[in-house]
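Here's the structure we're looking at; comments come further down.
The values are calculated or read from the model by the stated rules, or taken from the named source; none is laboratory data. Quick caveat: nothing in here was measured; it's all calculated off a predicted structure. Note: ideal-geometry Cβ built from the backbone for every residue, glycine included; neighbour counts use all protein chains shown.
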Amino acid sequence: MLRAPAHRVSPQAIGFWTVSALMGDAVLVGGAAVAWLVVPGAPGWVGLVVLLLAVVAVAHVVLMPRIRYRVHRWEVTDTAVHTREGWIGRETRIAPISRVQTVDSRQGALMRMFGLASITVTTASAAGPITVDCLDAETAAHVVARLTAITAATEGDAT
Amino acid sequence: MIPAPGDGWVRLSPRKLLLDPVKAVGQAVVPVVVALIGISQSDMRFWPAVLPLVVLGPIVLGALPWLTTHYRVTDTQIQVRSGILNKTTSTAPLDRVRSVDLEASLLHRVLGLQKVQVGTGVDDDRITLDALAAADAHALRTSLLGRRVAVPAAAPLDGAPQPADPLAAGPAPAYADVPVPPPAPAVPLAAIDWSWLRFAPFSLGRLVLLVGGLGLLSQVADELPIWNEDTATSAWEWLTQFAVVAIVLTLAVGGLTLWLVVSVAGYVLQWWGFRLAREHGSLHLTSGLLTTRSITVEEAKVRGVEVTEPVLLRLVGGAELSTLATGVEDGVTQVLPPCPRTVAVGVGEAVLDHRGPLTAPLVEHGPKARRRAWFRQLRNALDVIVLLAVGWWWFELTWWWLVALGGALLVAAVVVGEASYRHLGHALAGEHLVAGSGTLARVRTVLETDGIIGWVVAQSWWQRRIGLADLTATTAAGTERVVVRDVRLEVAVALADAATPGLLGDFVVTEPAREQV
């Protein structure tokens, strides 16, 4: 069996995921509610559907970030990058550092407010990019520097 | 005239001056004719001024590329310069040249020209020389590919492993100073056998073309004056009076005959003179009746093969073979026409230099995987049935038909589900990862473990409940992934660990297995 990667992501990620899920779900539920109110003669059961949607959205906003925080893990050893992610499903990705081609870090406006950054490590395969979501910005900078140093020292075209 | 930059820069073949204007005229003929008709309807006085313009325009435009394009091969690079205002220079280091493909359309062949495409291992970046004289093109190809001759090209088929390290296939020191090394003997792997023509009608790739053509025809038929509703109705009544069966039979026979002709003609056009050989450490494929193709794939870049048996082809014992390579335009190159399975497997083994992977039995994925395969197809069938039911309800049709149709769909779903489970499987044969897949077609993908550059283990919620996972080996070759579907999680991890020893080493923990593996 595979063991879980060693490190959790930043605890700030829970806040970030909550806020971004809230924004997305609010638009969806709000849109549905407005449509229900505006369209004349909509039958009563449509209101129930909107209510159900709202309940599901609340559950999503409350539960998803906490489950995610328990699932998401990452680890960079001297030979490999290993991540686990997902909240309903699970996805484990492993790539040897000797095959890493690029190391990107990304920080959106909302992520910056929570002091977070994401790292994406790509290999020569379109199926193989590995993303470590929501590290705290300082850790992310360290990891990028370390990965860049290791990959710069690797020879060959990594295919 | 635009002068050549000197220093060994040469132009493309002067016969391109004939090629491009003909092409340009071909492309310009519709707008020109439209313009001429427009002018002739308004006034005849402009004719003397317009005619030279429409005739000379394409010729001048066609000649410009020849005047402005130059190429040269230096000791280390191949360089191509083109453009007047925006000059672009493409260069490729000679030791990075991975493939040299030649192509000639009918027009090219009449003029004795070849289009040359040089691939450098970066997917989208190819240098194109359109067109060189055929002899120059072949000489260029030989010299470009000859420069990096290394390992003996003619490795015997005895299961001896090729050097796994791609760097080992670099230029051998002995040849380093020789511009054009002595040509290594080409080893033929396969050539066209016209008894394979029997597989042509069972390969449905060209059916799309035929259906498209028929669609076009039906559009034309709509425009015909005889085809209005009255004639249609009366014709239909007349038909039903007589022999519906005979008409249907005629249509079916006609369709089949058309399909036979189209498929066989397509096969002949595409695979005429087909020849696959191994030379200069590359696989070299030539074929084509009207448009000839010559494709070269460097063997060190070939990371695996894929044998596909589409359902119809499999009924008659046929198969197709593709190579999975890195640095080729789309990664998957079909290297054999539809041919007997034994031939596809034999050539595949020759390309791999290993006997096992294409014939080794696959490890089955067990009853839970079978259940998922069945459910996947049943769910698809149910989706269709629900849609049909809505349609039935809308149009108030007889429900008996829906019940019959739904029953047939469910039976088909079970059959397809069972078939897709039987195609499922995996194996680790020596240095090769083997994955079986496909729903209707049986596909066997073989990938060198050295070409694996990462792993993804994905589990949906349903898969987690029953302990299955989809294992994806990521690679730079072919479609860039090889998926082993619905395999037990612990088997997936063990397989990944065995295929790439050391990569998972730190992360694998021994746990008392809950079930016997």
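Selection of the range B:313-352 for residues being among the aliphatic types (A, V, I, L, M) and either under 20 Å from residue B:480 (Cα atoms) or touching a His at 6+ places or on another chain (Cβ under 7 Å) (or both) yields B:321, B:324, B:325, B:328, B:332, B:335, B:351, B:352.
Within the range B:66-93, which residues are assigned to a loop (DSSP other than H, G, I, E, B) and either outside the structural domain of residue B:16 (by TED's automatic domain parsing) or closer than 17 Å to residue B:146 by Cα (or both)? Don't jump to the end; show me each part of the working.
Residues of the range B:66-93 that are assigned to a loop (DSSP other than H, G, I, E, B), as a first pass: B:69, B:74-76, B:83-87.
Answer for the range B:66-93, where residues must be assigned to a loop (DSSP other than H, G, I, E, B) and either outside the structural domain of residue B:16 (by TED's automatic domain parsing) or closer than 17 Å to residue B:146 by Cα (or both): B:74, B:75, B:76.
From the list A:39, A:19, A:29, the one residue that fits, being among the β-branched types (Val, Ile, Thr), more than 14 Å from every other protein chain (Cβ to nearest Cβ) and within 25 Å of residue A:135 (Cα to Cα), is A:19. Criterion first (facing chain B (nearest Cβ under 9 Å), closer than 24 Å to residue B:460 by Cα, modelled with pLDDT of 90 or more and in contact with a strand residue (DSSP E or B) (Cβ under 8 Å, 6 or more places away or on another chain)) does residue A:73 satisfy it? Spelling it out, it is not the case that residue A:73 is facing chain B (nearest Cβ under 9 Å), closer than 24 Å to residue B:460 by Cα, modelled with pLDDT of 90 or more and in contact with a strand residue (DSSP E or B) (Cβ under 8 Å, 6 or more places away or on another chain). Residue B:300 meets the conditions (1) farther than 30 Å from residue B:111 by Cβ; (2) at pLDDT 85 or above in every case but one. The failed one is (2).
Hey, can you tell me all the residues within the range B:252-287 that are among the small types (Gly, Ala, Ser) and either part of a helix (DSSP H, G or I) or without any contact (Cβ under 8 Å) to a residue 24 or more places away in the chain (or both)? Break it down into steps so the answer makes sense when it comes.
Of the range B:252-287, the ones among the small types (Gly, Ala, Ser) are B:252, B:254-255, B:263, B:265-266, B:273, B:277, B:281-282, B:287.
Within the range B:252-287, B:252, B:254, B:255, B:263, B:265, B:266 qualify.
Contact map, the range B:493-504: residues that are over 15 Å from residue B:469 (Cα atoms) and more than 7 Å from chain A (Cβ to nearest Cβ) paired with residues that are part of a helix (DSSP H, G or I) and β-branched (Val, Ile, Thr), Cβ distance under 8 Å, separation 6+ or inter-chain. Pairs shown: B:499/B:449; B:500/B:449. Only one entry in A:148, A:139, A:102, A:122 is among the polar types (S, T, N, Q) and over 27 Å from residue B:458 (Cβ atoms), namely A:148. Taken as a whole, the condition of being outside any helix (DSSP H, G or I), modelled with pLDDT under 90 and out of contact with any His (no Cβ under 7 Å at 6 or more places or on another chain) does not apply to residue B:469.
Filter the range B:81-107 down to the residues that are at pLDDT 85 or above and either touching a Leu at 6+ places or on another chain (Cβ under 7 Å) or loosely packed, with under 13 Cβ neighbours inside 10 Å (or both) and list them by number. Listed by number, the list holds a single entry, B:104.
Checking the condition out of contact with any Pro (no Cβ under 8 Å at 6 or more places or on another chain), small (Gly, Ala, Ser) and either under 25 Å from residue B:300 (Cα atoms) or within 14 Å of chain A (Cβ to nearest Cβ) (or both), which residue from B:435, B:408, B:413 passes? Before the answer, list the steps.
On the way: B:408 fails: either under 25 Å from residue B:300 (Cα atoms) or within 14 Å of chain A (Cβ to nearest Cβ) (or both); B:413 fails: either under 25 Å from residue B:300 (Cα atoms) or within 14 Å of chain A (Cβ to nearest Cβ) (or both).
Within the list B:435, B:408, B:413, the selection yields B:435.
For the range B:439-467, a tally of residues being buried (at least 24 other Cβ atoms within 10 Å of the Cβ) and more than 11 Å from every other protein chain (Cβ to nearest Cβ) returns 4.
Listed by first and then second residue, the pairs linking a residue in the range A:97-121 that is surrounded by 14 or more Cβ atoms within 10 Å (Cβ to Cβ) to a residue that is part of a loop (DSSP other than H, G, I, E, B) and of a type in the set (Asp, Glu), with Cβ atoms under 7 Å apart and 6 or more places separating them unless they lie on different chains, form an empty list. Just one of the listed residues (A:80, A:127) is in contact with a Lys or Arg (Cβ under 8 Å, 6 or more places away or on another chain) and within 14 Å of another protein chain (Cβ to nearest Cβ), namely A:127. Please determine whether any residue of the range B:328-339 is in a helix (DSSP H, G or I) and touching a helix residue (DSSP H, G or I) at 6+ places or on another chain (Cβ under 8 Å). Looking for residues that are in a helix (DSSP H, G or I) and touching a helix residue (DSSP H, G or I) at 6+ places or on another chain (Cβ under 8 Å), one finds none in the range B:328-339, hence no.
Among the listed residues B:497, B:506, B:450, B:486, which satisfies the condition of being more than 23 Å from the chain's Cα centre (by Cα), at positive phi and of a type in the set (D, E, K, R)? Result of the check over B:497, B:506, B:450, B:486: B:486. Residues that are more than 8 Å from every other protein chain (Cβ to nearest Cβ) and of a type in the set (Gly, Ala, Ser) within the range A:87-113 comprise A:98, A:105, A:108, A:109, listed in sequence order.
Out of everything in the range B:472-481 that is out of contact with any Lys or Arg (no Cβ under 8 Å at 6 or more places or on another chain) and part of a loop (DSSP other than H, G, I, E, B), what residue ends up being surrounded by the most Cβ atoms within 10 Å (Cβ to Cβ)? Break it down stepwise before answering.
From the range B:472-481, those out of contact with any Lys or Arg (no Cβ under 8 Å at 6 or more places or on another chain) are B:479-481; that's our starting set.
Those left that are additionally part of a loop (DSSP other than H, G, I, E, B): B:479-480.
On the way: B:479: 16, B:480: 19.
For the range B:472-481, the residue satisfying everything is B:480.
Determine whether residue B:130 is at pLDDT below 85 and farther than 26 Å from residue B:21 by Cα. Answer is no for this residue.
Exactly one condition in (1) within 14 Å of chain A (Cβ to nearest Cβ); (2) assigned to a loop (DSSP other than H, G, I, E, B); (3) not small (Gly, Ala, Ser) is not met by residue B:490; state its number. Residue B:490 satisfies all of (1) within 14 Å of chain A (Cβ to nearest Cβ); (2) assigned to a loop (DSSP other than H, G, I, E, B); (3) not small (Gly, Ala, Ser) except (2).
Name the residue, out of B:348, B:304, that is surrounded by 19 or more Cβ atoms within 10 Å (Cβ to Cβ), within 22 Å of residue B:453 (Cβ to Cβ) and of a type outside the set (A, V, I, L, M, F, W, C).
Numbers: B:348 fails: within 22 Å of residue B:453 (Cβ to Cβ).
Only one candidate passes the filter, namely B:304.
Here are A:42, A:57, A:33, A:13: which of them is touching a helix residue (DSSP H, G or I) at 6+ places or on another chain (Cβ under 8 Å), surrounded by 12 or more Cβ atoms within 10 Å (Cβ to Cβ), outside the structural domain of residue A:120 (by TED's automatic domain parsing) and in a loop (DSSP other than H, G, I, E, B)?
On the way: A:57 fails: in a loop (DSSP other than H, G, I, E, B); A:33 fails: in a loop (DSSP other than H, G, I, E, B); A:13 fails: in a loop (DSSP other than H, G, I, E, B).
Matching residue, one of A:42, A:57, A:33, A:13: A:42.
Taking the criterion of being among the hydroxyl-bearing types (Ser, Thr, Tyr) and facing chain A (nearest Cβ under 7 Å), the residues of the range B:468-487 that qualify are B:472, B:474, B:475.
Scanning the range B:369-389 turns up no residue that is at pLDDT below 90, within 30 Å of residue B:266 (Cβ to Cβ), part of a helix (DSSP H, G or I) and not basic (Lys, Arg). Residue B:435 - would you say it is assigned to a helix (DSSP H, G or I), buried (at least 17 other Cβ atoms within 10 Å of the Cβ) and touching a residue at least 12 places away in the same chain (Cβ under 8 Å)? Criteria not met by residue B:435.
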